[in-house]
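Asker: Can you keep this structure in mind? I'll have questions shortly.
The values are calculated or read from the model by the stated rules, or taken from the named source; none is laboratory data. Quantities reported herein were computed from a predicted structural model and do not represent experimental measurements. FYI the Cβ positions are ideal-geometry reconstructions off the backbone, even for glycines, and counts take in every protein chain you see.
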Ligand code: KG4
Ligand code: ZN
């Protein structure tokens with residue numbers, strides 16, 4: 001028995017080595033990039049070859065650490081990253097049956113994110129780059145989410161995505177609409193073009209860098225943040241998105257009407273991507289109002305006691321699953337959850353499609369943690385098809401934070417030799433341009 005297992009393991013690793021040897025001979029020019037992601041509450045490392053072959057990916061989630069607090073505690077996140085970073089990077093190398101010598105470049109998330117959390121990933125990546133003499137590539141986390149979709153499309157053999165690309169990045173910290181172009185395939189720089197009707201098109205080319213124009217963002221809470229806060233105020237725990245996603249299908253989405261704030265005035269706050277002067281239409285979001293509306297609803301419908309009982313019951317369980325959540329929710333709560341989700345999904349889809357029409361978008365990408373939401377995916381698929389827009393999502397595994405997306409976004413920078421200096425540091429509010 002023991003000898004049988006040993007024989008199997010040897011055979012298996014021989015098989016993997018042979019496959020790698022043959023693959024490296026067939027496509028020797030494509031570099032292996034080892035990426036590190038530590039911007040929020042996941043410590044992740046991944047190896048991707050040539051921006052399109054996911055070799056290995058390891059994600060250490062901190063959900064259990066933050067769950068008792070109902071949200072991410074920045075100090076705890078930094079401590080967990082410190083604890084996890086070495087085993088996670090080693091895990092990615094081990095899973096790929098590779099050593100650091102076989103890696104061509106290192107990549108790391110530079111921002112945006114929690115300052116202390118970014119510091120851990122950036123410092124470790126710099127140390128690795130310094131010790132090995134490999135180039136280091138700094139990646140914007142939001143660009144990573146966008147490239148998660150491209151990585152999987154290329155891996156599936158789809159090389160025909162067309163520009164202009166409109167990307168909705170919707171997560172716990174962000175709700176952004178980016179109009180993306182490739183540098184070098186059009187005359188005008190999208191950051192200085194004030195005409196939303198960009199005309200340059202063409203296929204996505206892996207070797208060209210991307211430039212981004214922010215045409216919409218949240219003025220207050222991000223969509224994922226609204227999911228998390230509403231789940232918390234209903235006594236459902238953290239992270240709220242997957243829990244609400246699971247429960248919503250048991251409720252009536254028409255039971256409660258939650259109007260979403262519609263913004264007509266320009267955002268005059270002087271920071272981040274808002275600095276870019278944009279004339280013409282904008283497609284901004286606002287989700288703090290709906291969170292307050294849910295709070296008012298539970299107060300005026302005497303739901304507070306039941307919420308406390310639910311919170312206490314769930315705290316008794318170590319790792320509650322959907323059935324547990326469902327058991328502690330009465331029908332009015334399920335209806336409330338379904339109505340809340342319907343309102344957010346409807347607003348995200350409506351505004352994104354409005355922006356797609358206004359910008360003559362050729363391809364829609366929907367990405368970030370909230371892109372894992374079942375109703376969001378179904379609604380986008382249905383309504384984008386009606387409007388004639390092809391829409392792509394990452395798999396659920398690559399929707400939430402991971403390092404494969406960072407390695408994929410690093411690939412065009414590797415081709416253009418856009419390497420970071422050794423004094424690179426994390427930037428909590430890094431804009432995407
Ligand atoms: O991209 P991500 O992992 O981290 C950030 O960059 O923020 O996104 C995490 C967010 C959380 O707010 C979480 O509640 C939300 O994504 N999320 C979901 C779902 N899965 C994760 N929201 C709605 N439905 C889901 N299935
Ligand atoms: Zn993210």
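Asker: Across the range 104-138, what is the total count of residues that are within 12 Å of ligand 2 (Cβ to nearest atom) and either at pLDDT below 95 or touching a strand residue (DSSP E or B) at 6+ places or on another chain (Cβ under 8 Å) (or both)?
Answerer: 3
Asker: Is it true that some residue in the range 376-385 is outside any helix (DSSP H, G or I), buried (at least 21 other Cβ atoms within 10 Å of the Cβ) and either in contact (Cβ under 8 Å) with a residue 24 or more places away in the chain or within 21 Å of the chain's Cα centre (by Cα) (or both)?
Answerer: no
Asker: Taking the conditions exactly as written (within 16 Å of ligand 2 (Cβ to nearest atom), buried (at least 24 other Cβ atoms within 10 Å of the Cβ), touching a residue at least 12 places away in the same chain (Cβ under 8 Å) and under 15 Å from the mean Cα position of the chain (by Cα)), does residue 372 satisfy them or not?
Answerer: Working: within 16 Å of ligand 2 (Cβ to nearest atom): yes; buried (at least 24 other Cβ atoms within 10 Å of the Cβ): no; touching a residue at least 12 places away in the same chain (Cβ under 8 Å): yes; under 15 Å from the mean Cα position of the chain (by Cα): yes.
Against the criterion (within 16 Å of ligand 2 (Cβ to nearest atom), buried (at least 24 other Cβ atoms within 10 Å of the Cβ), touching a residue at least 12 places away in the same chain (Cβ under 8 Å) and under 15 Å from the mean Cα position of the chain (by Cα)), residue 372 does not qualify.
Asker: Given the conditions (1) touching a residue at least 60 places away in the same chain (Cβ under 8 Å); (2) under 20 Å from the mean Cα position of the chain (by Cα); (3) part of a helix (DSSP H, G or I), and given that residue 325 satisfies all but one, which numbered condition is not satisfied?
Answerer: Result: residue 325 passes all but (2).
Asker: Can I ask one more? Within the range 207-263, how many residues are outside any loop (DSSP other than H, G, I, E, B), in contact (Cβ under 8 Å) with a residue 24 or more places away in the chain, more than 16 Å from ligand 2 (Cβ to nearest atom) and farther than 30 Å from residue 412 by Cβ?
Answerer: Residues that pass the stated criteria total 10.
Asker: Filter the range 349-369 for residues that are within 16 Å of ligand 2 (Cβ to nearest atom) and either in a helix (DSSP H, G or I) or at pLDDT below 95 (or both) and give the result.
Answerer: From the range 349-369, those within 16 Å of ligand 2 (Cβ to nearest atom) are 365-369; that's our starting set.
Matches in the range 349-369: 369 only.
Asker: Kindly indicate the residue of the range 386-401 that is within 16 Å of ligand 1 (Cβ to nearest atom) and more than 17 Å from residue 163 (Cα to Cα) and also surrounded by the most Cβ atoms within 10 Å (Cβ to Cβ) among those meeting that condition.
Answerer: My answer is 401.
Asker: Consider residue 323 against the criteria (1) over 17 Å from residue 224 (Cα atoms); (2) buried (at least 17 other Cβ atoms within 10 Å of the Cβ): it satisfies all of them except one. Which criterion is unmet?
Answerer: (2)
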